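Accompanying notes for the structure given below.
The values are calculated or read from the model by the stated rules, or taken from the named source; none is laboratory data. The structure presented is a predicted model; accordingly, all values stated were derived computationally and were not measured. Virtual Cβ from ideal backbone geometry, glycine too; neighbours counted across all protein chains shown.
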Amino acid sequence: MPPRRDPLLVLGIVGQYPMAGVAWQAIHYLLGLRRLGWDVYYVEDSGAAPYDPRHGGRTDDPAYSVGYVADVMRRFGFEDRWVYLDMARDETYGLSRGRLGELYRQAAGILNLCGATAPRAEHRQGARLVYVETDPVYEQLRIALGEESSLGFLASHDVLFTYGENLGAADCPVPLERFTWHPTRPPVVLEEWAAPPDPGAAFFTTVASWENKGKDISFRGETYQWSKHVNFLRFLDLPRHAVGRFELAMDPVDPAVTARLRDAGWTLVDPAPISRDPERYRAFIRASRGEFTVAKDIYVRPRSGWFSDRSVCYLAAGRPVVTQDTGVGKFVPTGRGLLTYGTMEEAVEALRGIEADYVLHSAAARAIATEHFAAERVLGRLLADAGLG
């Protein structure tokens, strides 16, 4: 496709959270938009203190994050198309501050991926400002509760997208007030994940954090938890009931939790080397038999229709996915290649079905990724809905 003259900017958090899953999320947008003909740039200018995985905390020194962003962008052909702005020290890395200013003035659109940046005046110089919400329900409930910070943040964008494809449906109790939300889903660049099926692969795997804190929210007498651990505990005994072997790239931190998981039959591996390196992350997924995972409580109980941008990588690699039901089956076919469950019995049956015809489910997984998550399809629709098509 011939290139477009106007730049398109993606605001992300690759440096703020220098982890492979975050990096792949941004790369799928960058590569997908480039394939659609756009002159694409990655920009990180949120001003947030970055996380340093080497010591597991925030830091005021961006050296590790800047190096990480530079390496990721170089690997995927964006070595001269990225900017990291350290607002605390007023320093710019990658492209110059002057070039960044030109991009802000020239851009046709700015995709604020994950709401990485609170829009400022320099973002509003004619570009269409698009919020891509990858974690639904939380902001919608804050709007319903009248939270002024969320109202101001969302109102600063021209158009809003959400991975919560079922928001607004009769079977989803999350109210949509004041704003129009457009559904979207995680894109995947198929060629980056292509791999032959491997019926000999041993483990159903996933990469996950045990517990996330700080964003639980109560609404109409219900508290929705921003964490997976409540659902991992619900299905803790799965290995005792299901065929197959199960491996988690996860560090629960608490030795007692680690012991419970291992006693129940889960194999735990150190997530650090997998989570830091995009290539090792990809290799881990390709070496898997498939994915078995749960979802955060805040996605599951309201039937948000959310789907994981990690799980689409498994699908694109031809690795079947068994995931907790969020209502996604209303929008993407399930039953072959992608199977959802709500009970232990349904999870066991899904895994049994995959083992009965692994090759069929492997092919179906890749077909679902191709038909429903391919970056060109997903991002083409997003841009059209955003008025940038």
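Looking at this structure, is ARG310 more than 16 Å from the chain's Cα centre (by Cα) and either among the charged types (D, E, K, R) or assigned by TED's automatic domain parsing to the domain that holds TRP210 (or both)? Give the derivation first.
Values: more than 16 Å from the chain's Cα centre (by Cα): no; either among the charged types (D, E, K, R) or assigned by TED's automatic domain parsing to the domain that holds TRP210 (or both): yes.
Criteria not met by ARG310.
Condition check for GLN106 on (1) closer than 15 Å to LEU8 by Cβ; (2) in contact with a Leu (Cβ under 6 Å, 6 or more places away or on another chain); (3) not aromatic (Phe, Trp, Tyr): one failure, at (2). Taking ALA316 and the conditions (1) under 18 Å from ASP171 (Cα atoms); (2) surrounded by 24 or more Cβ atoms within 10 Å (Cβ to Cβ), which numbered condition does it fall short on, given that it satisfies the others? Going through the list (1) under 18 Å from ASP171 (Cα atoms); (2) surrounded by 24 or more Cβ atoms within 10 Å (Cβ to Cβ), ALA316 breaks only (1).
When you look at LEU167, is it in the same structural domain as TRP38 (by TED's automatic domain parsing), touching a His at 6+ places or on another chain (Cβ under 8 Å) and at pLDDT 95 or above, yes or no? Spell out how you get there, then give the answer.
Working: in the same structural domain as TRP38 (by TED's automatic domain parsing): yes; touching a His at 6+ places or on another chain (Cβ under 8 Å): no; at pLDDT 95 or above: yes.
Answer is no for this residue.
Being under 24 Å from GLN225 (Cβ atoms) and assigned to a helix (DSSP H, G or I) is the filter here, so list the residues in the stretch 152-186 that pass it. PHE153, LEU154 - these are the residues of the stretch 152-186 that are under 24 Å from GLN225 (Cβ atoms) and assigned to a helix (DSSP H, G or I).
Residues to consider are TYR29, TYR84, TYR51; find the one that is at pLDDT 95 or above, aromatic (Phe, Trp, Tyr) and over 18 Å from ALA375 (Cα atoms). Can you show your working first?
Numbers: TYR29 fails: over 18 Å from ALA375 (Cα atoms); TYR51 fails: at pLDDT 95 or above.
Going through TYR29, TYR84, TYR51 in turn, the sole match is TYR84.
If the requirement is being in contact (Cβ under 8 Å) with a residue 40 or more places away in the chain, surrounded by 20 or more Cβ atoms within 10 Å (Cβ to Cβ) and closer than 30 Å to SER218 by Cβ, which of these qualifies: LEU145, LEU141?
Working: LEU145 fails: surrounded by 20 or more Cβ atoms within 10 Å (Cβ to Cβ).
On inspection, the qualifying residue turns out to be LEU141.
Pull up the stretch 363-389, narrow it to residues that are touching a strand residue (DSSP E or B) at 6+ places or on another chain (Cβ under 8 Å) and more than 23 Å from ARG286 (Cβ to Cβ), then point me to the one that is surrounded by the fewest Cβ atoms within 10 Å (Cβ to Cβ). Per the criteria, the residue is GLY387.
If you go through the stretch 109-165 and keep only what is out of contact with any Phe, Trp or Tyr (no Cβ under 8 Å at 6 or more places or on another chain), within 21 Å of ALA26 (Cα to Cα) and among the small types (Gly, Ala, Ser), you end up with GLY109, ALA116.
Among the candidates LEU248, LEU261, LEU268, the residue that is buried (at least 22 other Cβ atoms within 10 Å of the Cβ) and aliphatic (A, V, I, L, M) is uniquely LEU248.
Given the condition assigned to a strand (DSSP E or B), of a type in the set (A, V, I, L, M) and crowded, with 23+ Cβ neighbours inside 10 Å, answer yes or no: does some residue in the stretch 304-313 qualify? No: zero hits.
Filtering PRO119, PRO50 for residues that are under 21 Å from ASP6 (Cβ atoms) and either under 22 Å from the mean Cα position of the chain (by Cα) or surrounded by 21 or more Cβ atoms within 10 Å (Cβ to Cβ) (or both) leaves a single hit, PRO119.
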